[in-house]
Structures are given as structure tokens and as C-alpha cells.
Amino acid sequence: MNSIAHPPGLPTDLTGRTIFVSGGGSAGPGWSIGRASCVTYARLGAHVCVVDRDAASAEETTKIIRQEGGIAQTFVGDVSEEDEVKRLFSEARNQFGPIDVLHHNVGIGKVGGPMETSAEDFDRIHKVNVRSLLLAAQEVLPEMASRGTGNIIAISSVAGMRYLGYPHLAYSVTKAANTQFIRMIAQQYAGQGIRANTVVPGLIDTPRIANTVAKMFSENSLDEARAARDKQVPMGRSGTAWNVAHACAFLVSDAAAYITGTELLVDGGLTGRYTQQN
Ligand SMILES: NC(=O)c1ccc[n+]([C@@H]2O[C@H](COP(=O)([O-])OP(=O)(O)OC[C@H]3O[C@@H](n4cnc5c(N)ncnc54)[C@H](O)[C@@H]3O)[C@@H](O)[C@H]2O)c1
């Protein structure tokens, strides 16, 4: 009788993999997407490079991971500056060896349409959101290609696909660029063992929302803004940083071994909804 070879259970284990998370801190106390992703990766056994220009915030993420018995190291620098990027990757490799996964998480924005967005603002936002992805990709792709394995994910946004009810031009344009950047490299490097995908969060309740887009939903109070934001979503609530982090962990793991060049929406159904303007 033929024996049936069983595949492993869902292979989400990341033991020993080195993951470079750009923007692994948080804009405020609590769980940002980068911080929740770093902690999730560490819980699955990865060696996590917590990279951020905010030293204290990155160190907080590293501390949480170490307190849980995980492995992490803080690397402080600006991921949109070429020299800084070279230094950060060199330090990360010295600590943990070759980078197995690049998680491009940094993202900044400024509310406004074309008449409220100066060329300087546009360049600044593009530099942090897109140029940084180019610089990081240039660091990891040759090494991943020569090893015949590697994984890249970028965090985009539903704002890069849809108008969310208020103008957010520079942010939205750069988030769309992130998605297409990833599609491009996924195709070019698919034959060399490298997978690249985009995670597209919807409305997520992270600390930075309080100081940025919350006022577009209500000027009165943060609670009212949160409630108004929640109401937009078919599932009736904003997402958590963990909802996004778990999608990231799936995509970088072997559970997603045959997935490349695509986008995973984590949006509670938001993107599929038709809403009538009042
Ligand atoms: N929160 C949401 O609703 C939402 C929705 C869709 C997409 N996103 C995207 O998810 C990602 C994380 O969002 P978040 O809300 O957790 O944000 P966050 O601001 O809390 O985290 C981003 C981190 O990146 C760091 N950073 C920014 N610029 C940097 C630079 N040049 N060099 C190094 N570090 C830098 C910040 O210090 C911060 O710690 C962003 O790309 C954001 O656009 C968020």
C-alpha cells in the first residue's frame, strides 16, 4: 500500500530568519503596525532588526520582544537617506547575518489635495515612503538572489487604491507606488527564489491616527472620530495593528510559499463597499 506523504501543518514557523523591519517603532504609546509585526515575527522565532529613526520607540519594541524571550536588536537611523541605509544594513548583517525578509513599514503623509501640497511636502513624503523602498531593495536583492531565497513585503494602504472621503494626495500616490514597485520586483525576481507582496491595510487604529487623520472624521473628540471611522467599515470596526501583523507573518512565512506579486487587503471589507455620498 502506498504511504501518503502528509505536508506539514500550516508552516508559519520563522525560526532563525532575520527580518529587517523599517519603522519598527511607533508614533505614540501602544501598538503600531511595525511594533505588532516585530513582536509577531519574534514569537514565530525570527531574529528581528527593529529599525527606526526614533530610538526610544524602537527600543521599546525591542524591550517587549526580549521580555517575552525573543531575539531583537534596535538599529537607529533614517531609512530614506542612502548613507544611513548602508550603515543600518551593515550593522544588521553584522548582528544577525544575511537578511531573509525585508518588511518595508515606514509611511508618512499630510492631509490635502494638490493645492495644499507643496512640492517640498510631496518630495519629503515620496522620499520616506518610496525612495526608502528603493534603497532597501537595492541592499537586499543581490544578496537574496545569490542565495536563491528571500522575501519582501511593503505596507501600502487602501488610500493607494481608493478616495477615502478626504484629500490625502501625496500619501495616496506614494502608497500606490509602493504596490506597483512590489509587483515589478516580484516579476523580475520570481525565478530567483524571491517573493514580494504588498499588505494593504484599511482603517487601522494605531497611535498615530490620533495626531493625523482622526480629525478628518470628527473635529470634536478622538472617541467621536474613532466611532465615525469604525462606521465606514463593513465589519463595523477599525482594524488593529495585530490584524495587519498576522497577515504580514503569513505572507513572509512558507505558508505563502506560492504567493508572489500580489496584494493582501486587511480592511474589514472596506474596499469592496459601494457607499452613497450624502
Ligand atoms: N494606521 C492606519 O490606519 C494605516 C492604514 C493603512 C496603512 N498604514 C501604513 O502602515 C504603516 C505603519 O503605520 P502606523 O500607523 O503603525 O504608523 P507609525 O507612524 O506608528 O509607525 C511608523 C514608524 O516609522 C518610523 N519612521 C518614519 N519615517 C522614518 C524614516 N525616515 N526612517 C526611519 N523610521 C521612520 C516612525 O518613527 C514610526 O515609528 C505606514 O506605512 C502606514 O502608512 C497605516
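Read the figures in this text as sums done on the coordinates, not as results from a lab. Keep in mind it's a predicted model, so treat the numbers as computed, not measured. No Cβ is skipped: glycine too gets one built from the backbone with ideal geometry, and neighbour counts run over all protein chains shown.
Pick out the one residue from R93, R87, R66, R35 that is crowded, with 16+ Cβ neighbours inside 10 Å, part of a helix (DSSP H, G or I) and more than 8 Å from the ligand (Cβ to nearest atom). Steps first, answer last, please.
Values: R87 fails: crowded, with 16+ Cβ neighbours inside 10 Å; R66 fails: crowded, with 16+ Cβ neighbours inside 10 Å; R35 fails: more than 8 Å from the ligand (Cβ to nearest atom).
The match here is R93.
For segment 191-210, the condition holds for no residue, the condition being that it is within 18 Å of V111 (Cβ to Cβ), more than 20 Å from the chain's Cα centre (by Cα) and basic (K, R). Checked against the criterion of being of a type in the set (K, R) and more than 28 Å from I209 (Cα to Cα), the candidates R131, R162, R147 yield just one match: R147.
Those residues that are assigned to a loop (DSSP other than H, G, I, E, B) and within 15 Å of the ligand (Cβ to nearest atom), I need them from segment 238-268; list them, please.
Here is the first cut: in segment 238-268, the residues assigned to a loop (DSSP other than H, G, I, E, B) are 238, 240, 253, 257-262, 267-268.
Of everything in segment 238-268, those that are assigned to a loop (DSSP other than H, G, I, E, B) and within 15 Å of the ligand (Cβ to nearest atom) turn out to be S238, T240, D267, G268.
Look at (1) touching a Ser or Thr at 6+ places or on another chain (Cβ under 6 Å); (2) within 26 Å of L44 (Cα to Cα) and you find that D254 fails only one, number (1).
From the list R162, R147, R195, the lone residue that is within 27 Å of G239 (Cβ to Cβ) and more than 12 Å from the ligand (Cβ to nearest atom) is R195.
For segment 212-237, what are the residues that are hydrophobic (A, V, I, L, M, F, W, C) and in a loop (DSSP other than H, G, I, E, B)?
Filtering segment 212-237 down to residues hydrophobic (A, V, I, L, M, F, W, C) leaves 213-214, 216-217, 222, 225, 227-228, 233, 235.
Result: F217, V233, M235.
Just one of T12, T40 is hydroxyl-bearing (S, T, Y), touching a helix residue (DSSP H, G or I) at 6+ places or on another chain (Cβ under 6 Å), more than 30 Å from A210 (Cβ to Cβ) and away from the ligand (no atom under 12 Å from the Cβ); which is it? Quick ask: steps written out before the conclusion?
Values: T40 fails: more than 30 Å from A210 (Cβ to Cβ).
The match here is T12.
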